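Undergrad: Quick one: this structure, given as structure tokens, is what I'll be asking you about.
The values are calculated or read from the model by the stated rules, or taken from the named source; none is laboratory data. If you're wondering where the values come from, they're calculated on a predicted model, not measured in any experiment. Cβ coordinates were reconstructed from backbone atoms using ideal geometry, including for glycine residues, and neighbour counts include every protein chain displayed. Protein only, heavy atoms only, side chains kept; ligands, DNA and RNA dropped before computing areas. Shrake-Rupley method; radii C 1.70, N 1.55, O 1.52, S 1.80 Å.
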Amino acid sequence: QTWRLTMVTSPLELEQPLLDRPSRSSQGGGNKGGRFIKLYARFRTLLKTPLARVALLIFGILLVSRSVRDLDDFEMSYEEEERGCKKRFRRPTFAYEHPFVTSSYYTSSCNETILSMLEKKEEEKKKQYQPDARRARKQMAVVRPICEFDAEAMPSTFRVWDHFPPCDVDRDRDTSVDFFVCYSQTYSDNTVAIRAADEMITMFHDKTIPWTKCFDNFYAIETDIAKELDLYIPSAREELYSWVNGPNRQFERTYRTLQYNEWGEYETFYMMEGDAIPVKSFWLDTLREEIRDKTP
């Protein structure tokens, strides 16, 4: 079988100049191809003017900024969907600064009201900051550890404090006390823990509750223990060596976190477990007095 190649363009057409050669689409219907080439030539001439170049540069900048904004919106909407956020918002800058950036709570909470409130408080603290005043007053930390199985119920454990307040708010205090809620794993992996922290922070900043005045600051921290290692299985204490690995590692890492002095320069801290229930008023005052009396 013999194959024959046929040229689409005839030799006669090749002899015609490019601008004068009629296109196949315009043959019999006017020289539309020639008009297009003339318009294109005018457009190129126009682009050479300074004004056109400036306009083109502005258009390019707007296009790039729009693309970046769309990408940010996509990433934000995806993250909020994963975390259960109902609307898009910009997180305060402090959430990405030390020491707050060491806890994923501040970059994971969907509660815009709480984050805005904390932002205003941090701005006020920076304005009122006096290095010497911080050292002149002793600092104490009260830490409430929470884990995966008790995080949801933890806010309810503070109800008894309404009947047995931590301190006498009318009494002068020589010690600054900060409260920490410490999650054993990572907040960003557990929306229940995030919402529990939201509820506790809201409660501690509600100054209509008298006992909240016993504390100067409330912080949400985490010890980032892997889920498979965050164990507390009393029934397996005879068979499993790591049956209490979760609480042990949480205590150790909490101590290290406070020891770094990023959150404050604490002389003492009290690890107040969830089942530590007050049975008398002003228990925090009593604890501070005992620490002061027995300090060498």
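Undergrad: Looking at the stretch 65-85, which of its residues are modelled with pLDDT of 75 or more and part of a helix (DSSP H, G or I)?
TA: Pass one, the stretch 65-85, residues modelled with pLDDT of 75 or more: 85.
None - no residue of the stretch 65-85 is modelled with pLDDT of 75 or more and part of a helix (DSSP H, G or I), so the list stays empty.
Undergrad: Just the residues that are closer than 30 Å to GLU289 by Cβ, part of a helix (DSSP H, G or I) and more than 16 Å from the chain's Cα centre (by Cα), please, taken from the stretch 193-217.
TA: MET200, MET203, PHE204, PRO210, TRP211, THR212, LYS213, CYS214, listed by residue number.
Undergrad: Considering only residues of the stretch 135-192 that are in a loop (DSSP other than H, G, I, E, B) and touching a Leu at 6+ places or on another chain (Cβ under 9 Å), which is most open to solvent (accessible area, probe 1.4 Å)?
TA: Of the stretch 135-192, the ones in a loop (DSSP other than H, G, I, E, B) are 137, 147-153, 163-174, 184-186, 190.
Pick out the ones that are also touching a Leu at 6+ places or on another chain (Cβ under 9 Å) and you get 165-167.
Working: PRO165: 32, PRO166: 0, CYS167: 5 Å².
Checked the stretch 135-192; the qualifying residue most open to solvent (accessible area, probe 1.4 Å) is PRO165.
Undergrad: If GLU262 satisfies every condition in (1) under 23 Å from GLU122 (Cα atoms); (2) over 35 Å from the mean Cα position of the chain (by Cα) but one, which is the exception?
TA: Single failed check for GLU262: (2).
Undergrad: Determine whether the stretch 269-278 contains at least one residue that is in contact with a Leu (Cβ under 7 Å, 6 or more places away or on another chain) and either at pLDDT 95 or above or more than 30 Å from GLU119 (Cβ to Cβ) (or both). Show your work before the answer.
TA: Filtering the stretch 269-278 for residues in contact with a Leu (Cβ under 7 Å, 6 or more places away or on another chain) gives 269-270.
If we keep only those that are either at pLDDT 95 or above or more than 30 Å from GLU119 (Cβ to Cβ) (or both) too, we end up with 270.
Yes, there is a match, as at least one residue in the stretch 269-278 is in contact with a Leu (Cβ under 7 Å, 6 or more places away or on another chain) and either at pLDDT 95 or above or more than 30 Å from GLU119 (Cβ to Cβ) (or both).
Undergrad: Something else about it: Quickly run through the stretch 255-296 and pick out the residues that are part of a loop (DSSP other than H, G, I, E, B) and open to solvent by less than 60 Å² (accessible area, probe 1.4 Å). Talk me through it step by step, then tell me what you get.
TA: Going residue by residue through the stretch 255-296, those that are part of a loop (DSSP other than H, G, I, E, B) are 260-267, 272-282, 295-296.
Result: TRP263, GLY264, TYR266, MET272, GLY274, ALA276, PRO278, SER281.
Undergrad: State whether one or more residues within the stretch 127-134 are over 30 Å from LYS227 (Cα atoms), loosely packed, with under 14 Cβ neighbours inside 10 Å and of a type in the set (S, T, N, Q).
TA: To start, the set of residues in the stretch 127-134 that are over 30 Å from LYS227 (Cα atoms) comprises 127-134.
Filter again for loosely packed, with under 14 Cβ neighbours inside 10 Å, leaving 127-134.
Filter once more, so that each one left must be of a type in the set (S, T, N, Q): 128, 130.
Within the stretch 127-134, one or more residues are over 30 Å from LYS227 (Cα atoms), loosely packed, with under 14 Cβ neighbours inside 10 Å and of a type in the set (S, T, N, Q).
Undergrad: State which residue pairs qualify: first residue farther than 23 Å from THR107 by Cβ and inside the stretch 215-233, second residue crowded, with 18+ Cβ neighbours inside 10 Å and among the β-branched types (Val, Ile, Thr) in any location, beta carbons under 9 Å apart, and separation of 6 or more residues or different chains.
TA: From residues that are farther than 23 Å from THR107 by Cβ, the pairs are PHE215/VAL142; PHE215/VAL177; ASP216/VAL177.
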